[in-house]
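No lab work stands behind these numbers, since they all come straight from the coordinates. Only a predicted model underlies this, so the values are computations on that prediction, with no experimental measurement involved. Here the Cβ is made from the backbone with ideal geometry for all residues, glycine too, and neighbour counts use every protein chain on show.
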Amino acid sequence: MKKRIFIAGNSEKPGCEGLVKRMVDFLTSKAEVVGVGLGRHITLPESQIDLMVCLGGDGSFLNLVDQVIERGIPILGINFGRLGFLTAGLASDMEQLLQDDLDGKTEVFKRLALKIESIPADGGPAVVCHALNDVVVATPYMGHVVNLYVKVYGEPLFHFRGDGMVISTPTGSTGHSLSAGGSLVDPQVEALLLTPLSPQSLSSRPLVVRPNATIEVGVSRPQGQAQILYDGKPLGLARPGDIVRVSRSEHTVKMVQSKDFRFLHRLTDKLGWSEGF
């Protein structure tokens with residue numbers, strides 16, 4: 001039986017449509033292309049999908065997580081420019097990457113994901129979504145600080161003024177958390193990372209907790225508010241009394257990589273650590 005493949009492309013990338021056509025032509029006799037979606041908002045067919053191919057960068061990959069996570073669809077990312085942390089390879093190697101997958105020469109890595117619940121103070125329904133990298137609760141105004149409290153396991157942990165808080169997975173440790181001074185963590189490690197953004201206190205430090213921890217973030221000043229972002233996408237505003245609850249998702253994100261993929265090799269390549277060797 002032929003593999004059923006859906007192709008998602010970032011139409012903002014120059015040459016995307018041409019690459020999609022090239023991919024469809026390559027797969028015509030090898031697999032069944034069940035659909036093509038271009039842009040940030042795509043609709044998947046309800047029928048079975050064995051593989052999602054994402055043409056774009058890490059941002060395009062993250063944009064698809066909500067679409068595939070509950071259905072357990074593996075994602076193979078193909079990057080237009082430099083190789084990212086999430087994508088399997090470059091567009092110049094597209095045919096070889098696809099052929100390797102069809103020949104069983106790739107591996108599916110199950111990455112821990114976050115479940116985010118935005119719970120309003122007025123008792124209204126919670127908004128629930130999933131993230132592979134991180135959720136950020138931060139000031140909505142550049143140059144202004146926000147007052148936040150953070151609870152872990154129901155116990156108060158942080159109460160600080162600053163730009164916000166990043167809660168990330170090990171996969172997301174190379175993203176926003178890293179730029180805020182958080183630790184790099186091997187994505188096969190199971191843990192949750194808390195990284196304060198520019199806190200006005202030297203005692204507010206990054207922290208790594210168990211993967212089954214439940215984390216709650218809220219605004220602690222009556223007149224304050226914070227914006228909520230998950231994998232870089234807006235979720236809305238948190239106002240006093242609202243709760244942003246973050247926990248381990250019951251689902252994982254299935255990332256397709258070559259069987260010789262090594263995180264530390266990708267890390268040293270992206271950060272330039274091995275240039276002197």
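Overview of results
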| item | result |
| --- | --- |
| The listed residue being more than 27 Å from ARG221 (Cα to Cα) and small (Gly, Ala, Ser), out of SER168, SER173 | SER173 |
| Any hit, segment 150-157, residues being among the basic types (Lys, Arg) and closer than 28 Å to SER11 by Cβ | no |
| Restricting segment 198-211 to residues that are in contact with a strand residue (DSSP E or B) (Cβ under 6 Å, 6 or more places away or on another chain) and assigned to a loop (DSSP other than H, G, I, E, B), the residue that is surrounded by the most Cβ atoms within 10 Å (Cβ to Cβ) | SER204 |
| 1 or more residues of a type in the set (Ser, Thr, Tyr): qualifying helices (runs of 4 or more DSSP H) within segment 1-76 | 58-63 |
| Strands (runs of 3 or more DSSP E) fully within segment 129-193 counting 1 or more residues that are without any contact (Cβ under 8 Å) to a residue 60 or more places away in the chain | 155-162, 164-168 |
| Number of the exception - PRO222 against (1) crowded, with 18+ Cβ neighbours inside 10 Å; (2) outside any strand (DSSP E or B) | (1) |
| Scope segment 228-277; condition within 14 Å of the chain's Cα centre (by Cα) and under 18 Å from ALA88 (Cβ atoms); matching residues | THR252, VAL253, LYS254, MET255 |
| Residue check, GLU95 among the charged types (D, E, K, R) and part of a helix (DSSP H, G or I) | yes |
| Test for LEU194: is it within 21 Å of GLN257 (Cβ to Cβ) and buried (at least 17 other Cβ atoms within 10 Å of the Cβ) | no |
| Sole residue being touching an Asp or Glu at 6+ places or on another chain (Cβ under 6 Å) and assigned to a loop (DSSP other than H, G, I, E, B), chosen from LEU86, LEU112 | LEU86 |
| Filtered residue count, segment 12-49, keeping only those that are surrounded by 15 or more Cβ atoms within 10 Å (Cβ to Cβ) and of a type in the set (Gly, Ala, Ser) | 3 |
